[in-house]
Amino acid sequence: MEGVCDEQKGLLEYVRKSSPPPFLLKTYILVEDPATDDVISWNDDGSAFVVWQTAEFARDLLPTLFKHSNFSSFVRQLNTYGFRKVATNRWEFCNDKFRKGEKDQLCDIRRRKAWAAKPQPINNAVTQKAGAAALLPNEFDEDQRSSSTSSSSEFCSLVDENKRLKQENGVLSSELTSMKRKCKELLHLVARYGDSAEKEEEDNERVPKLFGVRLEVAGERERKRKRAEISKNASVLLSQACK
């Protein structure tokens, strides 16, 4: 009976070691997908991956494979599997067995335990207190690192969003200024065209006629040319304003 139990335990251990953890497999799928390279991708040599846009990653990609959309939780999961952040100016994570084209090595990555309690003799109270005192700072440091990582990721997300809104605001402001300038030019041309038409009517009343036919006088062609030019410029401005 004992031999059967040992055999079953060995089989379960083999299955556990031959199957990569679901978290690592899902993360590998996200990094490997070329359709999301502008959000998350491998670095140049494939030894690490980079989350280029944390806000879009948390909002659009995390919910597709995970049951949350929290980037800080994703980072904490990476830490528990031994990943480390290797760049100060971007979210780049590295693990020696998480590499491009080496998916089979995912089985060798195991989740780290926060701490392992060793059995202590019942009558050794001093040793137990010393062990508890040694574990508390480590647990505190881990919580502090997780809190710091979460705050940092949320701050970077807000900075990226603020930068994007500033860029959009600048574009809209530039377009508004251009539209105002075109409207002023158009109104100026319309005023010139109206003055020219009114002056032309007055001149027509004074133009001499021969047998009922109006005679062309000097300067009339020049006025027609200017009027045509004004009309053309107004049409151009209208077409630009409608784009």
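The values are calculated or read from the model by the stated rules, or taken from the named source; none is laboratory data. Bear in mind that the values here come from a model prediction, so they are computed numbers and not experimental data. Virtual Cβ from ideal backbone geometry, glycine too; neighbours counted across all protein chains shown. Surface areas here come from the heavy atoms of the whole protein model, side chains and all, with no ligands, DNA or RNA. Shrake-Rupley method; radii C 1.70, N 1.55, O 1.52, S 1.80 Å.
Residues that are touching a strand residue (DSSP E or B) at 6+ places or on another chain (Cβ under 7 Å) and either assigned to a loop (DSSP other than H, G, I, E, B) or at pLDDT below 90 (or both): does segment 71-82 have at least one?
No, that holds for no residue.
Which residues, counting only those in segment 28-42, are open to solvent by less than 70 Å² (accessible area, probe 1.4 Å), over 15 Å from Asp108 (Cβ atoms) and either of a type in the set (A, V, I, L, M) or more than 17 Å from the chain's Cα centre (by Cα) (or both)?
Within segment 28-42, Leu30, Val31, Val39, Ile40 qualify.
Any idea how many residues of segment 45-72 are buried (at least 17 other Cβ atoms within 10 Å of the Cβ) and hydroxyl-bearing (Ser, Thr, Tyr)?
Adding up the residues that qualify gives 2.
Within the bounds of segment 89-99, is there any residue that is of a type in the set (Asp, Glu) and open to solvent by 50 Å² or more (accessible area, probe 1.4 Å)?
yes
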